[in-house]
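Everything below concerns the one structure shown next.
The values are calculated or read from the model by the stated rules, or taken from the named source; none is laboratory data. All figures in this text were calculated on a predicted structure; none of them were measured in a lab. Here the Cβ is made from the backbone with ideal geometry for all residues, glycine too, and neighbour counts use every protein chain on show. Remember, those area values only see protein heavy atoms, side chains included, never the ligands or the DNA or RNA. Shrake-Rupley method; radii C 1.70, N 1.55, O 1.52, S 1.80 Å.
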Amino acid sequence: MTASAGNPPSDWYPDSERPGWLRYWDGSAWTDHRHPANVPGADLAVVGSETLPAVDEYSTTVARVLPDYAAALRSGDVGREAQIYAYLLEFTRLHGGRDALDRLNTQLHETRLPTGVPYPRLIGQVQPELMSKARRRAIGLWRYVPGPPIVVYEDRIVQGSVAHRIDPYTQAQVYVDGQTQITTRPTLTRMALLSPLPGSTLGAGLATAKKTVNDMRVAEFQVGGTTWSFSMLIHPGNVSGPRMLAQQVNQIASAMQDRAQAQHRSVPEQIDLVAQIERIVALQQSGQISSEQAEAMKARLISG
């Protein structure tokens, strides 16, 4: 590793703009090379401008990572699956060459098929607000870097290289704060002459009010579970879609909670049924009831 005077040595460091990613520092400046952190099989060697991977090296790296992708699918580790998928997309964009993305999608599909794991159904996604400088000044947000969209599937939430499963404790909402300010000021639009005669004076101008709308509202899409959360600033004038998406997430989580509670309630009933059958068997063995009576009592219990 090399370093300029007073600068950190060249290496991969946490990317402040993309949480969960690494970015390469060449010893004097940040490069455009990025990778998700902790991707198995990923080649995180020094990639100076003179040593970028060739096409054959690209193919070798993809072939080395695909088995890890298949393992993540089989184990149901959606976090690992999203991390490897994001790495392959970024690596392909930087080093794959022409038409490489289409080839990668084919390889990913062929890797998924033997696992028997179906593609999750897409429900929707939330896009970040793209703010102008004037908008950032209006809400007092001087530094703003929009992140990747939040993508909602039927069983998981994904943002960039990070994914979490929806569970009974997942909750989503859209939070809106602030207000819209409307200011008015007179604007001179035209003049009226009091008299058309020579030497007459110019009269007072006719003024109309000019309205300026300053949207000071801040809207945020929030989703999370007991140990994780995603949030994203969205445009305050476009919250209906994200709100509907949040409702769908909450409905999925609520249905999971109902199923979990139903299963929990059924366990004592099953234990009680077994205990009653064991009591009938004990009565039969002690001679207090006949075998015919025992079978009739068991049948009544089982039939409910």
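Please report, ordered by residue number, the strands (runs of 3 or more DSSP E) entirely within the stretch 193-304 with at least 3 residues that are open to solvent by 50 Å² or more (accessible area, probe 1.4 Å) and at pLDDT below 75.
Those strands (runs of 3 or more DSSP E) span 206-215.
Take the stretch 78-88 and flag every residue that is surrounded by 20 or more Cβ atoms within 10 Å (Cβ to Cβ) and either among the small types (Gly, Ala, Ser) or in a loop (DSSP other than H, G, I, E, B) (or both).
ALA82, ALA86, listed by residue number.
What pairs come up if the first residue lies in the stretch 89-114 and is within 23 Å of ASP32 (Cα to Cα) and part of a loop (DSSP other than H, G, I, E, B), the second is open to solvent by 50 Å² or more (accessible area, probe 1.4 Å) and not polar (S, T, N, Q), and their beta carbons are under 8 Å apart, counting only those six or more places apart or on different chains?
GLY96/VAL55; GLY96/ARG103; GLY97/VAL55
So, TYR169, is that one touching a Ser or Thr at 6+ places or on another chain (Cβ under 6 Å) and either touching a residue at least 60 places away in the same chain (Cβ under 8 Å) or surrounded by 12 or more Cβ atoms within 10 Å (Cβ to Cβ) (or both) or not?
The answer is yes for TYR169.
Would you please name the residue that is modelled with the lowest pLDDT, looking only at residues in the stretch 75-100 that are touching a Lys or Arg at 6+ places or on another chain (Cβ under 9 Å) and under 15 Å from THR61 (Cβ atoms)?
Filtering first and then ranking leaves GLY96.
Taking the stretch 150-160, which residues are within 20 Å of ILE234 (Cα to Cα) and either modelled with pLDDT under 95 or open to solvent by less than 40 Å² (accessible area, probe 1.4 Å) (or both)?
Of everything in the stretch 150-160, those that are within 20 Å of ILE234 (Cα to Cα) and either modelled with pLDDT under 95 or open to solvent by less than 40 Å² (accessible area, probe 1.4 Å) (or both) turn out to be ILE150, VAL151, VAL152, ILE157, VAL158, GLN159, GLY160.
Just for the stretch 115-126: of the residues that are in contact (Cβ under 8 Å) with a residue 40 or more places away in the chain and closer than 19 Å to ILE84 by Cα, which one is most open to solvent (accessible area, probe 1.4 Å)?
VAL117
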